[in-house]
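What follows draws every value from the coordinates through simple rules; no lab data is involved. Predicted model only: the values in this text are computed from it and were never measured. Heads up, the Cβs are rebuilt from the backbone with ideal geometry, glycines too, and the neighbour counts pull from every protein chain shown.
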Amino acid sequence: MSEGIGAPVKRKEDKRFITGAGRYTDDIKLENQAYAAFVRSPHAHANVKSIDKSAAEGMDGVLAVLDGKQLTGDGIGNIICGWAITSKDGSPMNMGAWSALATDKVRYVGDAVVAVIAETKAQAKEAAEAVVVEYEELPAAAHIDAALAGGAPQIHDNAPGNVIYDWEIGEKDPTEAAIAGAAHVTEMDITNNRLSPNAMEPRSAITKYDAAEDHYTLYTTSQNPHVARLVLSAFYAVAPEHKLRVIAPDVGGGFGSKIYIYPEEIVCLWAAMKTKRSIKWTADRTEAFLTDAHGRDHVTTAKMGFDASGNIVGFHVSTKANFGAYMSLFSSAVPTYLYATLLSGTYNIPNIYCEVLACYTNTVPIDAYRGAGRPEASYVVERMMETAAREMGKDPAELRRQNFINEFPHQTPVIMNYDSGDFEGNMNQAMEAADWAGFEARKAESAAHGKLRGIGMACYIEACGIAPSAAVGSLGAGVGLWESAEVRVNPVGTIEILTGSHSHGQGHETTFAQVVADRFGVPLDSVQIVHGDTDKVQFGMGTYGSRSGPVGMSAIVKALDKVEAKVKKIGAHLLEVTEADITIEDGQVKAQGTNKALGWHEIGLAAYTAHNLPPDMEPGLKEGAFYDPLNFTFPMGCFICEVEVDPETGKTEILKFVASDDFGVIINPMIVEGQVHGGIAQGVGQALLEEVVYDESGQQLSASYMDYTMPRADDVPSYDVLHHNTKCTTNPLGIKGCGEAGAIGSPPAVINAITNAIGNNDLSMPATPSKVWAALGAAKIAAE
Amino acid sequence: MHNTTYHKASSAAEAASLLSGADDGALLAGGQTLIPTMKQRLAAPSDLVDISGVAELKGISVSGSSVTIGAMTTHAEVASSAELRAVCPGLADLAGHIGDPAVRHRGTLGGSVANNDPAADYPAAMLALGATIKTNTREIAADDFFQSMFTTALDEGEMIVSVSFEAPEKGAYAKFPNPASRYAMCGVFVAKGAGGVRVAVTGAGDDGVFRSADMEAALSSNFAADALDGVTVSPNGMLSDIHGDAAYRANLVKVMAKRATAAA
């Protein structure tokens, strides 16, 4: 079937995107629209002594100058983190208060203090500059070590020593005993660099208040409009759910940063009610750097023990995680259940223990960013494996092979139960495509022209589709992580799929329609995907964690099952055969063994005219379903990167990048390949280029593209994207998910290649030319 | 962006007069630095005097080895001039690697030279080529023109009209771009001309473009890349920032100087 599952159909949505007809939040202009601008803290840590709004209030076009005391006075609640983590000692996590507008204290550069509402954007910005905020500067802690040091500035009163939680997983004593008795122990300090998400479309919100209906509307750049409505209603008390509509129209990339509900959306909703005006706010790029939730920022010490034949006997990991100044919506889950649970990697490891110390700093909040915890885990595991192999004088591929898990299901010591996979199959495929065996000859060629060649591997595994609701609930999640779908067959036979997933670049309008086309043989163009509007779709949990395929599409399949059952009943009735004799193919409902058939549109018409339906059947053809996953899904793969380093400048060039992924069943290989390309580009960005840098006073030194290095086309290689897929056993389509894999597996592959080239394992990300050059110098000194 | 009054000048004289009549005016050449700075509300000139329509400020003329380039000549025009390339390919190559195509089609030589960004490419070329900067009031030698980062010999209201130089016998530029901005993290222009060897370095110094006497001496006795092997570049006076420390930049100065010499 040319348009069904497995077909590389071109993306339906691209016509509007590439012709400039996409409708993003900032493209929307409402009647009576005013603009918001925010006065933000220039200090990383300060008490707010006074706010003088008088000059701003008198300026042209200014409608309102609003502060935090007014906001809290109107009963608007604090921003919360929705996943409760319990420390080793049984105490709950220390969540500090986060008001959408700071009342008495600011905790990072960019913290919103005052909102100015004016007739034009320029007037709002002018007036914002005229607001006088008197600060009493306090010492700041911008980095993990500074925040955890004795005598560090206290950022939130209820988090002594700036500790949010001190959590653990796994068995400590057996792990330490296993490592103590190991024949070889590899120990490394590993830093995971802090990243800024940089979605192409900056965050934006437009709010409307209808006084007659006491009803609010929020258009916003969200990956999960229903979750936004839920927290805006239940926690921030902006409006009850039935009085609040959230619309996330076309959204230009999220990478996690648009999961969360930020101060600006809350303030704009509240300000629309206060001013009786529609209000628009769109971040400029500087605001994006200063306020979008960042990702990563872990400091880890890891020890891995091996027996005399190279089998892993124990893995001990201590991680410190930076949370920034406030706990963002899912922040607490990232360095715990999305990180430590993946530390078994693709290997049989009998003993694993991980402890995580989470801390506040005077920086932008940190939350999930493409991969969220799993890139950090993959980076730790795969750098350890590579370094261990080098230390033991073993081939890094063979060390992995000997430790691979090869029986499924496999229960790891850290919660996860892997359902399927053929890890060796992916590794063999990647090694063949990369010509692993021919590397030494290529290395000699590079050496002949003065370059250092290196090859590196990473065998990542990750967990997608988060996740069984009861399981995540027992681990502290404040929400269930199912998905919903509704299938509406119209009287003429066209089909609308309403989904709680949200597409912000993933191509759902195409892939979801392919699932329907595959099921009924109807043309792809007769299927429309509806998403991103809480008035249209009843509820949904949104798109993150590569969950739209394994969870979102599974909900659609469940609803399609119900539609199919009813269609068969109608068909059997009209064709005067039994249901068992009915088949649905090529857009027709056929009576097997006869030449009797009905067109798909005839079924729709029959359902809605209801002139001749089976006795007791309700008219219409519309079915809904909620799907709660049985397990996480476990995409995995083997990435091989080959680099050449210029020893004079330290510059790294990626010569070849092979990705062999196991994504389970693939709906649209072209879209999947695009996801892999984008993921690897972000992973290469993390490995070679990107880093958010704060100075000690908490000023962000990398808050523009002059200093934050986004990967450009000439920074990334041409990728060889391969698949060796095994079907996921826990969802109806056998899908594992593919959205984050590239970003998860690539950083260790790149760094392993560079450290191989330069002969020094002591190298941190991003491996900029200056760092690589310095590491080469250190290696040279060590050799002398 | 703050409010500003826009003027479009049709002659250099008109531009000078508009500028002197403004409260706090600024010349708008290609706008590749000024406009982004204004958009970030970090610059707020009362008046913008656009000189992009002034024909007398544009164009490249080559007579024998004498080269004159109008201040409003774009990087793309410098990069694609066959006449210039025939006598001084190093400068054409330099212009072809500034920014991206959009920048190269708006940005101008005069704007870059007047701004004297410590990581811009043209200042290294002007200094190494011993160029003369002609303004609406006088002529200034490049050695006197570039004073320190973002600071030049230009007086208030003074406007660059053109630059001129004698094409060198040999000359080339090698740049190591900053990974983020792609400005020069270190760029070295090496020229061997009638007046001897001149080596100018941009991007690496902590106070803007400078000449390296040690490397000039080494190349004067033997104009070959390996003549620089014995030269030690001190990290003192080198820039240190999040992209690389002074020791790294000192290393780049030597590596880029060798590469420029080899290419010349």
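When peptides A:657-663, A:15-21 are ranked by their average number of other Cβ atoms within 10 Å per residue, the highest-first order is A:657-663, A:15-21.
Across peptide B:169-178, the average count of Cβ atoms from other chains found within 10 Å of a residue's Cβ is 1.
Using a cut-off of 12 Å between beta-carbons, work out the net charge of the residues near A:Pro732 (Lys and Arg +1, Asp and Glu -1, A:Pro732 not included).
Charge balance in the 12 Å sphere: +2.
Working from label points 7 Å from Cα in the Cα-to-Cβ sense, the B:Asp23 to B:Ala217 distance is 5.4 nm. By its C-alpha gyration tensor, with a ≥ b ≥ c as the square roots of the eigenvalues, how is chain A shaped: rounded for a/c under 1.5, else prolate for a/b larger than b/c, else oblate? Cα axes put chain A in the oblate bin.
Taking 8 Å as the Cα distance limit and 6 or more residues as the minimum spacing, I'd like the relative contact order of chain A as a percentage. Could the numbers behind the result be given before it?
Details: 2009 pairs, mean separation 122.8, N = 784.
It rounds to 16 percent for chain A.
Taking 7 Å steps out from each Cα toward its Cβ at B:Asp245 and A:His215 produces label points 6.3 nm apart. With contacts taken as Cα pairs under 8 Å and at least 6 residues apart, the range B:220-264 reaches a relative contact order of 45 percent. Model label sites at A:Tyr705 and A:Met670, defined 7 Å from Cα along the beta-carbon direction, differ in position by 2.7 nm.
Send over the per residue convex hull volume for the range A:665-744, Cα only, as a whole number of Å³.
So the per-residue hull volume is 129 Å³.
The separation of the range A:344-381 from the range B:217-264, counted between C-alpha centres, amounts to 42 Å. Counting only aspartates and glutamates at least 8 places from A:Lys569 when in the same chain, those with an alpha carbon closer than 16 Å to its own are A:Asp561, A:Glu579, A:Asp581, A:Glu585, A:Glu602, A:Asp616, A:Glu618, A:Glu623. Projected over all directions and averaged, the alpha-carbon convex hull of chain B occupies 13.2 nm². When each of A:Glu201, A:Glu432 is scored by the number of other beta-carbon atoms lying within 10 Å, the sequence from fewest to most is A:Glu432, A:Glu201. As a calculated quantity, the FRET efficiency between A:Glu137 and B:Ala263 at R0 = 60 Å, using C-beta atoms, amounts to about 0.70. Along the charge dipole of chain B, pointing to its positive end and built from +1/-1 on Cβ of Lys, Arg, Asp and Glu, which listed residue (B:His243, B:Ala82, B:Thr37) has its Cα farthest out? The residue sitting farthest along the positive end of the dipole is B:Ala82. Relative to its residue count, the range A:482-627 spans a Cα convex hull of 104 Å³ per residue. Once the chain from A:Ser474 to A:Lys243 is taken as fully extended at 0.36 nm per residue, the excess over their C-alpha distance is 80.0 nm. A simple charge model with +1 on the Cβ of Lys and Arg, -1 on the Cβ of Asp and Glu and nothing else charged puts the dipole of the range A:378-474 at about 420 debye relative to its Cα centre. Put in order of Cβ neighbour count within 10 Å, fewest first, the listed residues B:Leu19, A:Leu138 become A:Leu138, B:Leu19. Net charge dipole, the protein assembly as shown: roughly 1060 debye, given to the nearest 20, about the Cα centre with Cβ charges of +1 for Lys and Arg and -1 for Asp and Glu. Among beta bridges identified by DSSP and lying wholly in the protein assembly as shown, the antiparallel ones come to about 80 percent.
When the pairs A:Lys69/A:Lys320; A:Lys53/A:Lys258; A:Lys443/B:Lys258; A:Lys536/A:Lys727 are compared against a 28 Å limit on Cα-Cα distance, A:Lys69/A:Lys320; A:Lys53/A:Lys258; A:Lys536/A:Lys727 fall above it. When A:Cys641, B:Cys186 are sorted by how many other C-beta atoms sit within 10 angstrom of their C-beta, beginning with the fewest, the order is B:Cys186, A:Cys641.
Phi angles across the range A:293-299 convert, under the Karplus curve 6.51 cos²θ - 1.76 cosθ + 1.60 with θ = phi - 60°, into 3J(HN,Hα) values of 4, 7, x, 6, 6, 10, 10 Hz, Gly and Pro given as x. Peptides B:133-139, A:479-485 ranked from most to least packed by the mean count of surrounding Cβ atoms within 10 Å: A:479-485, B:133-139. Annotation note: GluC sites (Glu not before Pro) in the range A:370-410 located in DSSP loop regions with a Cβ neighbour count of at most 14 within 10 Å are A:Glu407. Residues whose amide H comes within less than 5 Å of that of A:Ala142, counting only those at least five positions distant or on another chain, are A:Asn362 (H built at 1.01 Å from N in the peptide plane). Rounded to whole numbers, the Karplus 3J(HN,Hα) couplings from phi for the range A:181-192 are x, 6, 6, 9, 10, 9, 10, 9, 9, 10, 10, 10 Hz, using 6.51 cos²θ - 1.76 cosθ + 1.60 with θ = phi - 60°, and x at Gly and Pro. Annotation: aspartates and glutamates with alpha-carbon distance below 20 angstrom to A:Lys49 (same-chain offsets under eight excluded): A:Glu57, A:Asp67, A:Asp104, A:Asp111, A:Glu129, A:Glu134, A:Glu136, A:Glu137, A:Asp157. Only Cα pairs under 8 Å and 6+ residues apart enter the sum, and on that basis the relative contact order of the range B:5-49 stands at 53 percent.
For the range A:488-553 versus the range B:101-122, the inter-centroid distance based on Cα atoms is 50 Å. With a Förster radius of 35 Å applied to the beta-carbon distance between A:Asp14 and B:Leu42, the computed FRET efficiency rounds to 0.40.
So which lysines can A:Lys172 reach, going by Cα to Cα under 16 Å and dropping same-chain residues fewer than 8 places off? Within the straight-line limit of under 16 Å, A:Lys172 reaches these lysines: A:Lys88, A:Lys303. Applying the Karplus relation 6.51 cos²θ - 1.76 cosθ + 1.60 with θ = phi - 60° to the range A:63-76 yields 3J(HN,Hα) values of 9, 6, 10, 10, 10, x, 5, 5, 4, 5, x, 7, x, 6 Hz, where x marks Gly and Pro. Close amide-amide hydrogen proximity is noted between A:Met541 and A:Ser484, each under 5 Å apart and 5 or more residues distant or on a separate chain (H modeled in the peptide plane; Pro and chain starts excluded). Where a ≥ b ≥ c are the square roots of the eigenvalues of the C-alpha gyration tensor, would you call the range A:1-113 rounded, which needs a/c under 1.5, or, failing that, prolate if a/b is larger than b/c, or oblate? It comes out oblate by the Cα gyration axes. Positive-end ranking of A:Gln411, B:Leu91, A:Thr25 along the dipole of the protein assembly as shown, with charges on Cβ about the Cα centre, is headed by A:Thr25.
Could you order the peptides A:459-471, A:182-194, A:709-721 from most to least packed, using the average number of other C-beta atoms within 10 Å per residue?
Values: A:459-471: 24.5, A:182-194: 18.0, A:709-721: 15.5.
Ranking, from highest mean packing down: A:459-471, A:182-194, A:709-721.
Computed from point charges on the beta carbon alone (+1 for Lys and Arg, -1 for Asp and Glu), the dipole magnitude for the range B:98-248 about its Cα centre is near 480 Debye.
Close amide-amide hydrogen proximity is noted between A:Gln528 and A:Ile495, A:Glu496, A:Ile497, each under 5 Å apart and 5 or more residues distant or on a separate chain (H modeled in the peptide plane; Pro and chain starts excluded).
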